[in-house]
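Here is the structure we will look at, set down as structure tokens.
The values are calculated or read from the model by the stated rules, or taken from the named source; none is laboratory data. Source: prediction; values computed, not measured. Glycine also receives a Cβ, built like all others from the backbone with ideal geometry; neighbour counts cover every protein chain displayed. Protein only, heavy atoms only, side chains kept; ligands, DNA and RNA dropped before computing areas. Shrake-Rupley method; radii C 1.70, N 1.55, O 1.52, S 1.80 Å.
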Amino acid sequence: MNFIMLNNKSKYYITIPILGFIILIDRLLLGKYAIHKTHDGFDSFIPYMNQIIEKVYSLEFPGWNPDYMGGLPYNLMDINWLSLPVLIGGLLPFPLRMFLIEYTQVMIAGFGMYHFLGFNYKLKYNTKIIGAIFWGYFLVNMTYWRVQDLAVIPLLLVSSQKLINDSKGYQWYWGLLICALDLTFAKGAPFIGLFHAIYLLVIVQYKPFRIIKLLTLFWGFVVLLNLPVI
């Protein structure tokens with residue numbers, strides 16, 4: 001198949017996953033020696049997430065971690081036991097799971113930004129794909145809650161806008177579900193929630209009741225989903 005002959009929609013579905021794979025290839029080649037961290041993520045955040053993944057996939061509720069620093073609660077790092085990184089992380093052994101988690105974040109960030117730029121600014125394909133690449137791949141080496149929060153912002157906003165403008169666009173409920181599973185409520189999400197509300201009320205001024213309904217349902221679901229870490 002000639003890549004040049006494909007339409008722009010097909011091109012971006014191919015381009016973002018391929019470039020994401022290339023940018024993260026060191027995770028596959030170097031394994032545990034790959035650079036997974038900013039700050040002390042490799043020393044604290046990643047071991048915590050690994051232990052929560054092991055607990056979840058052994059059907060144990062991750063409450064107390066007796067093996068880390070003499071005993072600490074699992075929610076100290078605000079890693080929800082039902083978050084998307086945990087749920088998909090168990091599909092591969094460590095350190096390959098870090099590739100899968102980071103790759104998924106890059107896909108969420110890239111696809112979300114592509115649609116956000118197209119819906120709000122009506123940009124051409126080349127500009128949208130460059131924006132998606134920059135947003136997606138600049139998040140690669142980030143750890144803590146910031147990865148999940150920053151990755152989903154464009155998808156969260158564009159999914160909300162599309163549903164407010166057309167409540168029959170059911171595919172965008174999947175976008176909100178991905179955002180809810182990928183947000184860490186206890187630290188980053190309250191700030192994102194406030195930004196989310198202000199953004200929608202300013203940008204979509206003519207449908208306040210739909211905005212309030214969407215915000216209530218979405219953030220109510222996020223709170224319920226994250227109760228183990230609140």
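Details
- Picking from residues in the stretch 161-215 that are in a helix (DSSP H, G or I), of a type in the set (D, E, K, R) and over 20 Å from residue 87 (Cα atoms), the one that is least open to solvent (accessible area, probe 1.4 Å) is 162.
- Conditions (1) modelled with pLDDT of 90 or more; (2) touching a Gly at 6+ places or on another chain (Cβ under 8 Å); (3) in a helix (DSSP H, G or I); (4) open to solvent by 20 Å² or more (accessible area, probe 1.4 Å); number of the one not met by residue 109: (4)
- Of the residues examined, residue 119 is one that is in a helix (DSSP H, G or I), open to solvent by 50 Å² or more (accessible area, probe 1.4 Å) and modelled with pLDDT of 90 or more.
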